[in-house]
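To start, the structure under review is shown below, and the notes come after it.
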Amino acid sequence: MRAWIWFIVGGLPAAVLAPQLPSFARQLVYALGGIVAIVVIVRRLRAGRVARRRAWWCMTAAMGCAAVANFSWAVAIALGGTGAGIAWIDATYFAMYPLIAAGMLGQPIVRRYGSALAGFTEAGVALCTAVVVTWVLLYDPFVRDQPAHAIDLSIALFPALDLLILGTAVRMVVASGTLRATHLLLLAGAACLLTSDVLYFVSASLGGAWAGSGITSAGWAASYVFMAASVLHPTAAQPPADARPSSGRWGTVVYAAVVLIGPLATGWSLLHELGGHGLEVADVAVPLVPTALSAVLLVVRLGHAGRVERRRAHDLRAALHQQSQMQALLRHHALHDALTGLPNRRLLDDRLTELLAGGDGGGLIVFDLDGFKDVNDRFGHPTGDALLVEVARRLESLLSPGDTLARLGGDEFALLCPRVAEPELLARGSRLLAELRRPVEVGGVELFVSGTAGARAFTAKYSATTVLADADVALYAAKAAGKDRVIGFDEELRDQQLQRSKTAERLRAALAADELAVWYQPIVALDGDRTVGVEALVRWCPPGSAPIGPDRFIPAAEASGLIVALGDWVLNRACLDAAGWYPDTGVGVSVNVSPRQLAEPDFVARVHAALAASGLPGDALTIEITEGVLVGAGPQAEQTIAHLTALRAIGVRVAIDDFGTGYSSLAYLRDLPIDVLKIDRSFLPHSRDDVAGQTALVRAIVDLARSLGLVTVAEGVETEEHAALLRDLGCDRVQGFLLGRPAPAAGLELVAPGAPSFA
Ligand code: C2E
Ligand code: CA
Ligand code: CA
């Protein structure tokens, strides 16, 4: 069982029964009980198992005083006296009161008000009332109105000292939101002490009829039991807690009663005195002072309450202000792009919807930066981000009032212009792109970017979704047309896009239904005029209609991602076909590979698988890629280069297709894992006028390729003149209608090495 319960269960009966003992034995029991309590409590205190130890040390010291006084009394009785009236024993008892008051004052209460001042003023008011009541009920009738010195000064002092404890007890009750068990025990102890003191005082005043009677002694003893138990109760170890507002209704009633009791008691006493032996100065002055003091305290309390209220109101206003700021911030965050601070897609959507709902038309331009990915890859994301910020800042300077410039994500932007017609919109688009073309300096690097834009002029009859989708269609068209331009939407573009997605759908079915075929076009060596290779070119052969060329479905396949499966199928078909003729003819096969295929992490494995499945050796296979996939230094280009290097390690050759139509940067060729350069057919002269210029270009390319150890293949050779020219320039191989059109594998006429195939 817990110590505090032991104290109550064992101590209370002892306290009540002890007065039946002879006075010496009684005092000894009290003294011993006190010593036991002190030992237990001191051990508890030294183990650090209570909060606010100073307060509890005060309580312990108070109990020590009681024990010493009781023990001394017992000794006095043993020496043959009564123990009563010995000054230093009384003084020891008296010392107990301020110690108890200090102990109660220092308790870690759960504060009901935010401040200590409130608790003190309220306790002060209660104390004033207590003073009045003590005066009116005890001192006035029992001391002043009695014959001079009828009562011992030491006894008369008790109620005054009790007021100290009463004050702190009231403060504890008033100021705390919730009373803990330890405090209830303390209060119980204080209540026993006060009751016994008052009874003792009254009985002594009445001539000592009750003095030392069992009830008062038991009350005193019980007060020590409760106080000892309060230290031992586990809640004594809890630290002070925060303010907890309590419901004020009962508090108010009690408070009002406390405030009223003082004046009422004063009034009653005055009437009583009037009816009795007449009023004296003290009858008025003594109750008046505490009553006036209580009024002052009430004013202080009111002022304090006002200040607290004002502070709370101020805090509340501040909190509300902060909240509204926070809300604005969140709203801004939700509707703006964090990097550039521009409106985001949602805000653009909102503004567009608002514009349309208002019955207004206008124009929307969506655009993105050409080569932005390249900047990111080459210079890193921080530079890419800085570029976007700079671009945003620059474009903002072009805005007219009412315009919205938004960042839709990545390098994609949009400009919404209310109430403009198409010509004006396209002009604004051109101005925008012109602005983008000016070089941008970011972190010491000069960057050249351009933009591609799709524009959509609209009236209020369109939905926001349609306007956005149409602008995207125009953007797609502008990209397909070669970037760095603005294209206005028209219905035909939408049809085209619809067509593309339809084509992709049908192509998927065609692939599944095995309606695709691979045709082959010879590649002929100019020294000896024999076929040294063929290029695999895909055809779509729907049953019952003419074969469809790749230009009509490859873009759709690229856009839908179907190109990966399609390319894989072509690769496997080409390897199987080539494996049929290669052992006899030594003629290899070139397969076109799209950038999307190269971006697949398992591209090398797929090529391996195609070679393994067909039995074709690696050096009989050439893959044709376009320049674009190799430019730049980002992870994408790195992966491509790793793929190509791995393939070359097993003999597969790499050809740059359509050379000269893309970046046309000759410098980068040196470091790349390539073997063949296919010169685009646009370099061949098509009229007598451009022979000289074109010849110079082709010569330059051929010379460069030779210096790098690359094999040159000229595409689109249609005439004998072409062939003769290329032979003169030193080109290695030619491909074109002159030498043979693409045809199914069955129609290929391949001849064993040595035999002439082209005269
Ligand atoms: P390419 O790689 O430049 O292929 C050569 C294209 O030029 C072929 O068109 C071919 O028929 C055509 N051609 C050949 N000789 C001449 C000539 O003397 N004069 C003219 N004007 N044209 C000639 P085709 O078969 O229509 O293929 C077009 C493009 O489609 C190819 O251009 C290639 O980029 C792409 N392609 C074809 N098959 C595939 C494939 O399996 N995968 C991928 N990714 N692309 C393919
Ligand atoms: Ca090709
Ligand atoms: Ca080509």
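The values are calculated or read from the model by the stated rules, or taken from the named source; none is laboratory data. Quick caveat, the model's predicted, so the values are computed rather than measured. Counting neighbours? That spans all protein chains shown, and the Cβs are built from the backbone with ideal geometry, glycine included.
Structure data summary
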{"read-out": "Residue identified as small (Gly, Ala, Ser) and closer than 22 Å to ARG407 by Cα among GLY267, GLY262, GLY361, GLY276", "value": "GLY361"}
{"read-out": "Identity of the residue in the range 619-642, modelled with pLDDT of 95 or more and either more than 16 Å from ligand 3 (Cβ to nearest atom) or among the aromatic types (Phe, Trp, Tyr) (or both), that ends up nearest to ALA599 (Cα to Cα)", "value": "LEU621"}
{"read-out": "When residues of the range 669-702 are limited to those that are charged (D, E, K, R) and touching a strand residue (DSSP E or B) at 6+ places or on another chain (Cβ under 7 Å), the one surrounded by the fewest Cβ atoms within 10 Å (Cβ to Cβ)", "value": "ASP675"}
{"read-out": "Looking only at the range 645-663, and only at residues there that are within 16 Å of ligand 1 (Cβ to nearest atom) and either of a type in the set (Gly, Ala, Ser) or within 23 Å of GLY371 (Cβ to Cβ) (or both), the one that is modelled with the lowest pLDDT", "value": "GLY662"}
{"read-out": "ALA700 being more than 16 Å from ligand 1 (Cβ to nearest atom) and either touching a residue at least 60 places away in the same chain (Cβ under 8 Å) or not assigned by TED's automatic domain parsing to the domain that holds PRO595 (or both)", "value": "yes"}
{"read-out": "Flag if ALA696 is more than 16 Å from ligand 3 (Cβ to nearest atom) and farther than 20 Å from VAL524 by Cβ", "value": "yes"}
{"read-out": "Extreme residue, modelled with the lowest pLDDT, among residues of the range 678-697 that are within 11 Å of ligand 1 (Cβ to nearest atom) and more than 60 Å from the chain's Cα centre (by Cα)", "value": "HIS686"}
{"read-out": "Some residue of the range 611-623 being under 28 Å from ARG506 (Cα atoms), buried (at least 17 other Cβ atoms within 10 Å of the Cβ) and not aromatic (Phe, Trp, Tyr)", "value": "yes"}
{"read-out": "Candidates LEU616, LEU598, LEU566 - the one that is aliphatic (A, V, I, L, M), within 13 Å of ligand 1 (Cβ to nearest atom) and modelled with pLDDT of 95 or more", "value": "LEU566"}
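For every residue, the table says whether it meets (1) in a loop (DSSP other than H, G, I, E, B); (2) in contact (Cβ under 8 Å) with a residue 60 or more places away in the chain; (3) within 60 Å of the chain's Cα centre (by Cα).
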{"position": "GLN27", "(1), (2), (3)": "no, no, no"}
{"position": "ARG54", "(1), (2), (3)": "no, no, yes"}
{"position": "CYS58", "(1), (2), (3)": "no, no, yes"}
{"position": "ALA76", "(1), (2), (3)": "no, no, no"}
{"position": "ALA118", "(1), (2), (3)": "no, yes, yes"}
{"position": "VAL132", "(1), (2), (3)": "no, yes, no"}
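Results for (1) part of a helix (DSSP H, G or I); (2) away from ligand 2 (no atom under 16 Å from the Cβ); (3) assigned by TED's automatic domain parsing to the domain that holds LEU621; (4) under 30 Å from ARG727 (Cα atoms), shown as yes or no for each residue.
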site	(1), (2), (3), (4)
GLN521	no, no, yes, yes
GLY528	no, yes, yes, yes
LEU537	no, no, yes, yes
ASP551	yes, no, yes, yes
VAL564	yes, yes, yes, no
LEU576	yes, yes, yes, no
ARG606	yes, yes, yes, no
